[in-house]
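Structure first, then comments.
Only the coordinates and a few stated rules stand behind these numbers; no lab work does. Predicted model, so just to flag it, every value in this text is computed and none were measured. Cβ sites come from the backbone with ideal geometry, for glycine too, and all protein chains shown count toward neighbours.
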Amino acid sequence: SPQPLDKWEGVLEAKKPGPKCLQRNVNTEKQETSGQEDCLFINVYTPYIRGHHQLAVMVFIHGGRWQDGQGSDYQPHHLLDKDVVLVTFNYRLGPLGFLSTGDDACPGNNGLKDQVAALRWVRDNIAAFGGNPNSVTIFGVSTGGASVHYHLLSPASQGLFHRAVSQSGTALCSWALAPNGSSTHLTERLANLLHCQSQPSSTLVSCLRKKNAVDITAADRADQEWSINTKTRFKPVIETGHDAFLPAHPVELVRNESVVPWMTGITSEEGESYRLWCVSECDQVKNKHLDTYDLSKLNSIADLDVIFEDAAPVAFSYDTSPRKNEVSKLIRKFYFGDKSISNDTLTSVVNMFTDGLFLRGADQAVSLHVARGAAPIFYYCFTYRGSISYSTLFSNATANY
């Protein structure tokens, strides 16, 4: 877990943000590595400091598949139109943030523990920046939203905030928790790439600590297997031990009483980005099934029609189920009926990914929290289409998916 710095006296010139945490640029073909290992910086934006008058505090947790992004990507210009203090911060990403051996050698969730450390810093120091430590709202989007939900559930985060907003992501989304054993498997594969002995786990961790952090981050790219979520490899895990961030499955932790008001929701058609990633990875599926598919029939969105039974279980995280073929057929029937998956059924493709990757997790989480009835719950669906849309960014098209 991250440790607080010793008390330091002096003047820090804080005119620009600190470096981002080590990460791969998952949006480029080469996935170049950038950032620094020494990256745990907090950004505080305040409109003014007026004596004893304290402002409400908003703490934003950035998304990025727990693999990329930084706090300073999100600027204060609009939020500080209101009288609030805004805090953003970095946390460790990828293998450095979420690698786990499944035991005490490296239990995992370092990135989430970095977030807890940031929230403790806010509690202890935000008053000096004009903020009210007794009025803290945490909010985030995508994996940032799921992180917010994890803090609602984690015993390590209790008492550090007073309201929470999870936008397009909860701890119960299919992509938000590593399946049993998967993180240990990825950790051992990464260790082998870096010429580290994978067993016992203490030896593995000792070896990795001697490696360059840049090499560890880059090696994660070399080990990438095909998957709709190849960009979300190392994820939160259930831990053991007295200081575990996530001591049980989120479904179990939701049953514990929480008195923190929570807002969550989704954006309509946000499954579009996953539809694009899935299609872009069809080549990798082809390479794994050269004897299965007629390659002459694979092209763009039609690829998904051909590989659906292989892609859907991974996309929606039921690939270890003995009934995965049956489930895939039911999903296809529900969204497409007797039609093929093609450009004519794009809306159904987007709805499928939106429901499976966002709505399902939000719905389940809200239902469980409401059943507890201990705190107010607010549930929304954002449907406004502005002049700038992600569909325009992705495809330079104006189709309203």
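In the structure displayed, which of Lys20/Lys211; Lys235/Lys329; Lys15/Lys211; Lys113/Lys235 lie more than 23 Å apart, Cα to Cα? Cα-Cα > 23 Å for Lys235/Lys329; Lys15/Lys211; rest within.
For the pair region 250-274 / region 35-54, the C-alpha centres are spaced 27 Å from each other.
Legend: calculated FRET efficiency, Thr320 to Leu12, from the Cβ-Cβ distance at R0 = 56 Å, rounded to 0.05, equals 0.70. Comparing Arg323, Arg120, Arg24 in a Gaussian network model of the chain where C-alpha atoms under 10 Å apart are linked, the largest mean-square fluctuation is found at Arg323.
Distant-in-sequence amide contacts of Gly140, defined by a placed amide H-H separation under 5 Å and a gap of 5 or more residues or a different chain, comprise Ile61, Val165, Gln167. In this calculation the C-beta distance from Tyr48 to Ser202 is compared with R0 = 51 Å, giving a FRET efficiency of 0.50. With the cut-off at under 13 Å, measuring from each backbone N in region 168-191 to a point 7 Å along the Cα-to-Cβ line of Asp215 picks out 191.
In terms of overall dimensions, region 23-260 has a Cα radius of gyration and Dmax of 18.2, 57 angstrom.
At full extension, Ala56 and Leu346 could sit 100.1 nm farther apart than now, given 0.36 nm per residue minus the alpha carbon distance. By the helix-only formula, in which each DSSP H run with n ≥ 4 contributes -39500 (n - 2.57) and the sum is divided by residues, the chain has a 222 nm mean residue ellipticity of -10000 deg cm²/dmol.
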